Amino acid sequence: MRLRNIKGAREAIEASPYVILDPENYKGRWHEVFGNDHLLRLEVGMGKGQFIMEQARRHPEVNFIGIEMYSSVLIRALQKMEEEELPNLKFLRIDARTLPECFAQGEVDRIYLNFSDPWPKDRHAKRRLTSRQFLARYDQVLKSDGIIEFKTDNRPLFDFSLEEAKEANWHIDLCTYDLHHEEELMQDNIMTEYEARFSAQGNPIHKMIISR
Ligand code: SAM
């Protein structure tokens, strides 16, 4: 998702109390940002923030950080936070490649990846957020029993992600090719913006959960 440049987005992000502009300075100290020792969960590539905001609403006992690399997209989440402030949610405008510079080993309990960009060309595979290169970065910040939850309607990306996870010795804890017909899993499913759009078009939604 990349919106047209939005005038003033960069300045608004820099002035926002909801965005941490210098995340490297909080590596190993995120509990100070939230003022508690609650679990910390990230959504990488959160887009406009619908999913992570609903997570934060439903789970006030957990801290959440939404990560998005484009100002023009992040600004939409900030506008929603101005209407409804969620004390357990912060945002970072970073490329997720820098995650290990921002979080200490074991600091993160869970990572959500939703409808990540497919990067269909083989030569761009390492940009996919479920590539072995990204799995190695997640490995550096997740707790030993931490998990990654990934949803997409893109079957080639999903199959690639399963292969990458196996290749990197992650366990496949859950794998479904049709999440929306799994009654039990749907009980606490939170729809993302892309999920709502693609499932309305009739696309089945795939989901996997992996751990080490
Ligand atoms: N997760 C949302 C959803 O399901 O509705 C948005 C999906 S959108 C296709 C993917 C988002 O991931 C885009 O907003 C893109 O800018 C962001 N993204 C892609 N690669 C990223 C990276 N390396 N670091 C941070 N954000 C990234």
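The values are calculated or read from the model by the stated rules, or taken from the named source; none is laboratory data. The structure presented is a predicted model; accordingly, all values stated were derived computationally and were not measured. Positions of Cβ are generated from backbone atoms using ideal geometry, with glycine treated the same way; all protein chains shown enter the neighbour counts. We work out accessible area using only protein heavy atoms, side chains counted, and drop any ligands, DNA or RNA first. Shrake-Rupley method; radii C 1.70, N 1.55, O 1.52, S 1.80 Å.
Note on the range 136-166: among residues that are acidic (Asp, Glu) and closer than 26 Å to residue 37 by Cα, the one that is surrounded by the fewest Cβ atoms within 10 Å (Cβ to Cβ) is 145. The criterion of being at pLDDT below 95 and within 16 Å of the ligand (Cβ to nearest atom) holds for residue 9.
Here is a check on your reading of the model: is residue 142 under 27 Å from residue 202 (Cα atoms) and within 18 Å of the chain's Cα centre (by Cα)? Taking the combined requirement at face value, the residue does not satisfy it. Could you give me the residue pairs with C-beta distances under 6 Å whose first residue belongs to the range 182-210 and is among the charged types (D, E, K, R), whose second residue is away from the ligand (no atom under 14 Å from the Cβ) wherever it lies, and which are 6+ apart or on separate chains? Going by the 6 Å Cβ cut-off, the qualifying pairs are 182/176; 207/176.
From the list 187, 133, 201, the lone residue that is away from the ligand (no atom under 15 Å from the Cβ) and either open to solvent by 30 Å² or more (accessible area, probe 1.4 Å) or touching a Leu at 6+ places or on another chain (Cβ under 6 Å) (or both) is 187. The residues on offer are 43, 54, and the sole one that is of a type in the set (Asp, Glu), within 14 Å of residue 192 (Cα to Cα), within 16 Å of the ligand (Cβ to nearest atom) and open to solvent by 10 Å² or more (accessible area, probe 1.4 Å) is 54. Condition check for residue 64 on (1) of a type outside the set (D, E, K, R); (2) within 16 Å of the ligand (Cβ to nearest atom); (3) more than 13 Å from the chain's Cα centre (by Cα); (4) within 12 Å of residue 88 (Cβ to Cβ): one failure, at (3). Of all residues in the range 73-99, how many are open to solvent by less than 20 Å² (accessible area, probe 1.4 Å) and either in a helix (DSSP H, G or I) or of a type in the set (Asp, Glu) (or both)? Residues in the range 73-99 being open to solvent by less than 20 Å² (accessible area, probe 1.4 Å) and either in a helix (DSSP H, G or I) or of a type in the set (Asp, Glu) (or both): 8 in total.
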